Structure formats: structure tokens, C-alpha cells
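Below: the structure, in C-alpha cells.
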Amino acid sequence: MTAAHFTPLPDVAAGTDATICAAGTYTLSGTQQFCSLLTWSSSGDGTFSNPNLANAVYTPGVNDIAIGSVTLTLTGQGMGPVIQ
């Protein structure tokens with residue numbers, strides 16, 4: 001008989017919405033469980049200090065500031081099943 005053991009699905013949360021000054025930066029407060037890799041992405045043109053850290057710093061880009069908002073998304077990659 002073979003037993004299969006599976007890891008839980010990845011669980012991520014990007015944190016709460018925030019308002020910052022146009023010239024400011026924002027330290028993100030993402031959380032994760034059961035992820036082998038985290039990645040932040042943006043609907044705008046700003047930059048992340050390190051898009052693979054839950055608490056990366058986001059610097060808004062010129063278009064982010066002109067539009068007045070940006071959506072930041074945190075994605076977690078699962079650890080995959082472990083078969084014994």
C-alpha cells in the first residue's frame with residue numbers, strides 16, 4: 001500500500017488598503033503560509049525593493065502618481081505534494 005501526503009494550499013494576504021503621499025514609499029505587510037515563493041506585482045509602473053519579500057517597499061512610479069492609485073497583488077506559489 002502506498003500513502004500519499006500532501007501539503008496545504010498556499011495562503012497569502014496582501015494586507016489592508018493604504019493611502020500614501022505621492023513622493024513617499026510604502027512598506028507592504030503581506031503574510032503567507034505554505035508558500036515556497038512569494039511575488040508582488042503591480043498594475044502600475046512603480047518598483048519593489050524586492051518583489052519576493054512579504055514586507056517589500058513599494059515606490060510609486062510616474063504613472064501611478066498621475067493616475068492617483070495602483071493595485072498591488074501578492075501571489076504565493078505552493079510547495080507541492082510530497083509523496084512517500
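The values are calculated or read from the model by the stated rules, or taken from the named source; none is laboratory data. No experiment lies behind these values; they were computed from the predicted model shown. Note that each Cβ is placed from the backbone with ideal geometry, even for glycine, and that neighbours are counted across all protein chains shown. Please note that ligands, DNA and RNA were not included when accessible areas were found on the heavy atoms of the full protein model with its side chains. Shrake-Rupley method; radii C 1.70, N 1.55, O 1.52, S 1.80 Å.
All told, residue 43 meets the bar of being at pLDDT 95 or above, small (Gly, Ala, Ser) and open to solvent by 50 Å² or more (accessible area, probe 1.4 Å). Looking at segment 64-71, is at least one residue open to solvent by less than 40 Å² (accessible area, probe 1.4 Å) and over 18 Å from residue 10 (Cβ atoms)? Yes, there is a match, as at least one residue in segment 64-71 is open to solvent by less than 40 Å² (accessible area, probe 1.4 Å) and over 18 Å from residue 10 (Cβ atoms). Here segment 11-25 is the region considered, the condition is being open to solvent by less than 70 Å² (accessible area, probe 1.4 Å) and in contact with a Ser or Thr (Cβ under 8 Å, 6 or more places away or on another chain), and the residue that is farthest from residue 66 (Cα to Cα) is 12.
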